[in-house]
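Here is the structure we will look at, set down as structure tokens.
None of the figures in this text is laboratory data; all of them are computed from the coordinates on show. Quick caveat: nothing in here was measured; it's all calculated off a predicted structure. Cβ atoms come from the backbone with ideal geometry, glycine included; neighbour counts cover every protein chain shown.
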Amino acid sequence: MERIKALLFGSISAIEIHTVSEQSGDRLRNGLVASLRLLGPQVPVSIKPARLNVEFVMVHYRAGLFRPAHADVAVLG
Amino acid sequence: MSAAPLPHLGAEDFAMKQDARKNLPVVIDGTATVVAPLAAASSSEEFHQEPPIEIIIDSRQLKERIIDYLGAVLARCWIDRTLLDRIAINPHRALRQLGILLPDEIDIKVERTNTERPRLVIYEWNQERSYRRRICYLQLVMMAGK
């Protein structure tokens with residue numbers, strides 16, 4: 001079912017955490033990896049330095065048949 | 001017939017203008033004030049107002065880098081609400097003000113499915129600028145807690 005859904009609407013290809021401090025990025029990554037392990041899929045989670053004075057998480061999606069490649073951006077507060 | 005000094009010019013300025021009309025070299029003393037043309041002054045001020053270019057997105061490394069930078073721009077829109085409007089009006093100009101120089105072949109459109117989840121859609125023009133290809137889009141989802 002998950003594979004059909006991924007084929008039709010795309011699936012998560014990568015997660016990037018853009019933070020100012022590496023420590024807070026690490027904490028967030030550990031939480032994310034633990035949650036993803038419970039759900040099943042293996043997704044690479046990376047930490048990058050924040051730009052433009054804003055911290056955010058970006059989730060990259062592969063293209064599906066009905067949905068183009070895209071990324072979701074969530075601002076960290 | 002001798003020309004009368006113009007009211008807005010001093011006697012020295014007037015004499016200099018007279019000499020210039022004769023196509024003779026003009027001696028300018030150190031105290032003379034030189035007024036730059038107004039248009040040149042305003043364009044110079046405008047130039048100095050631009051922040052330095054910190055990021056140049058090259059079209060060869062476009063796919064790898066543009067999403068990273070535009071992700072930061074989109075996240076910044078959450079904090080600076082006017083930024084999204086500025087990108088909608090003139091994306092190249094708005095990003096230039098953030099220190100990001102986009103290549104000409106890249107176009108960015110702002111789409112608002114609703115007011116809470118704006119999207120930045122990235123297009124790439126072909127060489128003749130007759131057709132633009134949609135590369136991908138970035139969507140601002142929400143504010144997440146750390």
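Observations on the model:
- Which numbered condition residue A:62 misses (of (1) in contact with a Ser or Thr (Cβ under 7 Å, 6 or more places away or on another chain); (2) crowded, with 17+ Cβ neighbours inside 10 Å): (2)
- Considered as a group, the residues in the stretch A:41-59 that are loosely packed, with under 14 Cβ neighbours inside 10 Å and in contact (Cβ under 8 Å) with a residue 12 or more places away in the chain include one that is nearest to residue B:77 (Cα to Cα), and that residue is A:49.
- Every condition in (1) among the hydrophobic types (A, V, I, L, M, F, W, C); (2) over 19 Å from residue B:120 (Cα atoms); (3) surrounded by fewer than 16 Cβ atoms within 10 Å (Cβ to Cβ) is met by residue A:28 except one, and the failing one is (3).
Conditions (1) part of a loop (DSSP other than H, G, I, E, B); (2) of a type in the set (Val, Ile, Thr), marked per residue:
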site: B:82; (1), (2): no, yes
site: B:95; (1), (2): no, no
site: B:111; (1), (2): no, no
site: B:119; (1), (2): no, no
site: B:124; (1), (2): no, no
site: B:128; (1), (2): yes, no
